[in-house]
Amino acid sequence: MMSSIAAPAPRLASELTRESLLADFRLAVRSRHTSLLGRREVLTGKAKFGIFGDGKEIAQIALARAFRPGDVRSGYYRDQTLMMALDLLSVEQFFAQLYADADLEREPCSAGRSMTAHFATWMVDEHGEFLPQTDRFNSSADVSPTGSQMPRLVGLAQASKLYRELPALSDRAGFSIGGREIAWGTIGNASCAEGMVWESINAACVLRVPMVLSIWDDGYGISVPNEIQIAKGDLGALLEGFCRAPGTRDGLDLYSVKGWDYPALCETYLAAAEIARRDHVPAVIHVTEMTQPQGHSTSGSHERYKSKERLEWEVEFDGIKRMREWMVREGLAEPEQLAAIDEEERIAVRDAQRRAWDAFRAPIEAEKSFVLGLLGEVAAEAGGSEAGGAEVAKIADDLKRQQAPFRRDVSAAAHAVRVATAGRARGPAAERLAGWRRGFEAANADLYGAHLTSETPRSPLAQPIVPARYADDAPLLNGFEVLTACFDAALARYPELVAMGEDLGQLGDVNQGFLGLQAKYGELRVADTGIRETTILGQAIGLAMRGIRPIAEIQYLDYILYALQILSDDLATLRYRSAGRQAAPVIVRTRGHRLEGIWHSGSPMAGVIHLVRGIHVCVPRNMTQAAGMYNLLLQGDDPGIVVEVLNGYRLKERLPSNVGDFTVPLGVPEVLREGGDVTVVTYGACCRVALEAAEALARVGVETEVIDVQTLLPFDRDARIVESLKKTNRLLCLDEDVPGGASASMLQQILEMQGGYQWLDAAPRTLAAEAHRPAYGSDGDYWSKPNRESIFDAVYAIAHESNPRRWPEL
Ligand SMILES: Cc1ncc(C[n+]2csc(CCOP(=O)(O)OP(=O)(O)O)c2C)c(N)n1
Ligand SMILES: [Mg+2]
């Protein structure tokens, strides 16, 4: 299963020899022809969308000269030339992605899942084990939202710092050799109007990490020019405030270089890389005066918004044109020689494109032929028009005449036949067709859907479950102290474990879960961060991709919204968008549910779970359960979020004797109180309130079964809750999210996915918080969130509705 993407041969041509310059020119025109032909492929309808790296070629080749094995890229859709220069992408692979070829070998970046020009290398193998990184060039998997490559970039760079400065990690030669690896970022000029870009640059400077960021400045973001994007219309001017004073380490090095000046580009990249690699000083290389020969993408034409003068300037300052002129001027090549290279590459690119197209089409054409054969048999078997045979023949004919159909067309034809022959006697061929389609659906569900979460032996769902054990004299501690014991054991066990967040280091977090652990394990492993949730997450993602195990703390669940976009777009999609070839087992630690006021009592769990499919979401009811979930997640290779109960840190819990070992399974509810009358399904802080209500209900003869789901994603993997419904026939889903939020999601799981509706004798209900944010103070809480009385009433109403004689109105 090795392809060029898995183990490219490192190219170390940093000297500007004549041969290497000719090779660079060849590569530049190869990439340009790829862009030109790529656009034509879209405009003639063979692909859906195209966005290309034309105009950015020679800067990327210069960058590649400074790239070294172990380095890692976090970039965006203009980087095809960089990827080709590093031997991480062939022209064929580029076209395979353009066509959405779902074969991982032919389209190794994403198996056709990402739209064109979203690049990646394989960083884990099919068993979930990390591949070595230091013997090859690496690229983290691209995302489309502008600027979102930046938070991850900070973490990718920080990993080098940790590998250099933590002696216990000096033996991780697969990830780092002395922390000398650079994380290379690329970004467009207009994307720098995004807030997270500045947050990331600031974080990289504060952390002092080897990040080298290239800004490809072509003056525009689609149609909007720099004057409307950036203060003063000038990124260089804004970045100056970040620059370090000579001789100091605080801040970054800023370089400015023209995108058409090849020797200057090479010189700049080599200089910047040397310093960043050696001294861990971040750098920004502002590459100005870049062009977009074909405009932004295939969705429009830049003639609509660029002036004639600008368009003429872009022709004049095309980097490849300038490189060609420079080589001739310097006597490095004859014009005819360069023209011949250009023509050779044009033909080579066209040949590669055809091979990619044929390879993409072959399996689909085979599927089409197979189904056409079956359709013929079904038509014959069905007989004449009366019997539906003519209709089947027409479906077959339509499919046959389709030029380059997709898999969906083949599947739809088989479906249409099923519909056309409905109610008629079907023969064996019709049944074979139906069976084939079932298999086809399953195979394609896998082809286009696998790897949302880990499917490897290292999945947290596949880890052994070790119950908590208690000594007879188990100490009764504050909840936060149970967590401290858990984190202490984890930090001792895993030298690659680090934790970071606001007030996490010196203070030991605002609720003291890490109390004393910075003093014990050092400032690098238990670290304070700035108030910057997006890049705390980004740090964690980048670190995790390079073999560090981060716990990223978001101080309050209310503030996870700042990080939610990166959680959703980057972390949650990483494994899926790389078809299982990248992973970031990040643990996000936060605390929430009820405490005080509008921004310290939030429980926006539906918002979270609906946006982070691909991440496990744990909602422990106390700190012991939380500890077991941390222990489990640390053994797995998936990301997870743990929402601790904000008002539970000072409640007493018994300390398990195996606090560093025991595990709580994901997706396994726990019955906290048995009862035969009404099932209450809940989680988190509501568990305690529900148990109180259940006590009161018992006094009026309603026996409540209280179930803690423990995790919202995954949800009750073995459908245990429906077993409770079989007994009680009554259901309340309870939480403190908004009405119709996570409570409705639980209801959907129980009624629809588990078939719970069949067992109900009364209308199922949800009880959630009010739609408004929780008001401050004890009374504000009472009339904002479910409480003992409102839970009592909701449960009693369900009981009453189904049996008013037994449970009369109170
Ligand atoms: C968050 C977000 N907003 C909008 C878009 C749509 N979009 C894609 S590219 C782009 C322009 C980016 O311009 P720039 O950063 O200068 O990069 P360039 O394409 O010019 O290289 C926009 C607005 C997006 N992908 N993500
Ligand atoms: Mg731009």
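The values are calculated or read from the model by the stated rules, or taken from the named source; none is laboratory data. These numbers come from a predicted model, not from an experiment. Methodologically, a virtual Cβ is constructed for each residue, glycine included, from the backbone with ideal geometry; neighbour enumeration extends over all protein chains shown. We work out accessible area using only protein heavy atoms, side chains counted, and drop any ligands, DNA or RNA first. Shrake-Rupley method; radii C 1.70, N 1.55, O 1.52, S 1.80 Å.
Observations on the model:
- The C-beta contact set for the range 785-802 (first residue without any contact (Cβ under 8 Å) to a residue 40 or more places away in the chain and part of a helix (DSSP H, G or I), second residue charged (D, E, K, R) and surrounded by fewer than 18 Cβ atoms within 10 Å (Cβ to Cβ), distance under 7 angstrom, 6+ apart or interchain) comprises His800/Glu809.
- Given (1) at pLDDT 95 or above; (2) crowded, with 16+ Cβ neighbours inside 10 Å; (3) part of a helix (DSSP H, G or I), index of the condition Glu391 fails: (1)
- Considering only residues in the range 205-257 that are within 14 Å of Ala193 (Cβ to Cβ) and of a type in the set (Asp, Glu), the one that is nearest to ligand 2 (Cβ to nearest atom) turns out to be Asp217.
- In the set (1) open to solvent by 10 Å² or more (accessible area, probe 1.4 Å); (2) among the small types (Gly, Ala, Ser); (3) part of a loop (DSSP other than H, G, I, E, B), Ser601 fails one condition alone, (1).
- For the criterion of being basic (Lys, Arg), under 25 Å from the mean Cα position of the chain (by Cα), closer than 25 Å to Phe487 by Cα and not in a loop (DSSP other than H, G, I, E, B), Arg589 passes.
- Of all residues in the range 691-720, those satisfying the criterion of being in contact with a helix residue (DSSP H, G or I) (Cβ under 6 Å, 6 or more places away or on another chain), closer than 20 Å to Leu810 by Cα and open to solvent by less than 10 Å² (accessible area, probe 1.4 Å) are Ala693, Leu697, Val702, Thr704.
- Filter result for the condition that a residue is within 30 Å of Asn444 (Cα to Cα), assigned to a loop (DSSP other than H, G, I, E, B), open to solvent by 10 Å² or more (accessible area, probe 1.4 Å) and in contact with a helix residue (DSSP H, G or I) (Cβ under 6 Å, 6 or more places away or on another chain), over Ser114, Ser110: Ser114
- Put simply, of Arg65, Arg73, Arg26, Arg78 the only residue that is open to solvent by 20 Å² or more (accessible area, probe 1.4 Å) and modelled with pLDDT of 95 or more is Arg26.
- The lone exception for Ser454 - which of (1) touching a Gly at 6+ places or on another chain (Cβ under 8 Å); (2) surrounded by fewer than 17 Cβ atoms within 10 Å (Cβ to Cβ); (3) modelled with pLDDT of 95 or more it fails: (2)
- Taking (1) over 23 Å from the mean Cα position of the chain (by Cα); (2) surrounded by fewer than 21 Cβ atoms within 10 Å (Cβ to Cβ); (3) within 16 Å of ligand 1 (Cβ to nearest atom) in turn, Arg164 satisfies each apart from (3).
- Output for the range 182-204, where each listed residue is charged (D, E, K, R) and within 16 Å of ligand 2 (Cβ to nearest atom): Glu194
- Of the residues screened, Asp171 is one that is assigned to a loop (DSSP other than H, G, I, E, B) and open to solvent by 10 Å² or more (accessible area, probe 1.4 Å).
- Matching residues in the range 570-598 - criterion: being open to solvent by 30 Å² or more (accessible area, probe 1.4 Å) and touching a helix residue (DSSP H, G or I) at 6+ places or on another chain (Cβ under 9 Å): Tyr576, Leu595, Glu596, Ile598
- For the range 256-271, the condition holds for at least one residue, the condition being that it is over 18 Å from Asn226 (Cα atoms), of a type outside the set (Phe, Trp, Tyr) and in contact with a Gly (Cβ under 9 Å, 6 or more places away or on another chain).
- Comparison of Ala66, Ala120 shows that the only residue that is touching a strand residue (DSSP E or B) at 6+ places or on another chain (Cβ under 7 Å), closer than 29 Å to Glu274 by Cα and small (Gly, Ala, Ser) is Ala120.
- Exclusive hit being under 23 Å from the mean Cα position of the chain (by Cα) and either within 14 Å of ligand 1 (Cβ to nearest atom) or closer than 20 Å to Pro282 by Cα (or both), set Gly188, Gly233: Gly188
- Of residues in the range 348-368 being open to solvent by 40 Å² or more (accessible area, probe 1.4 Å), in contact with a helix residue (DSSP H, G or I) (Cβ under 9 Å, 6 or more places away or on another chain) and of a type in the set (A, V, I, L, M, F, W, C), the one farthest from Ala28 (Cα to Cα): Trp357
- Of the residues making up the range 55-80, those that are within 16 Å of ligand 2 (Cβ to nearest atom) and in a helix (DSSP H, G or I) number 4.
- Scope the range 254-313; condition of a type in the set (Gly, Ala, Ser), assigned to a loop (DSSP other than H, G, I, E, B) and surrounded by fewer than 16 Cβ atoms within 10 Å (Cβ to Cβ); matching residues: Ser299, Gly300, Ser301, Ser307
- When Val315 is tested against (1) within 16 Å of ligand 1 (Cβ to nearest atom); (2) β-branched (Val, Ile, Thr); (3) farther than 25 Å from Glu15 by Cα, just one condition goes unmet, and that condition is (1).
- Of all residues in the range 191-224 being assigned to a strand (DSSP E or B) and more than 9 Å from ligand 1 (Cβ to nearest atom), the one that is surrounded by the most Cβ atoms within 10 Å (Cβ to Cβ): Met211
- If the condition is being under 25 Å from Thr590 (Cα atoms) and in contact with a strand residue (DSSP E or B) (Cβ under 9 Å, 6 or more places away or on another chain), then the range 447-457 contributes only Thr453.
- Subset tally (residues that are in a loop (DSSP other than H, G, I, E, B) and closer than 14 Å to Gly179 by Cα) for the range 136-166: 1
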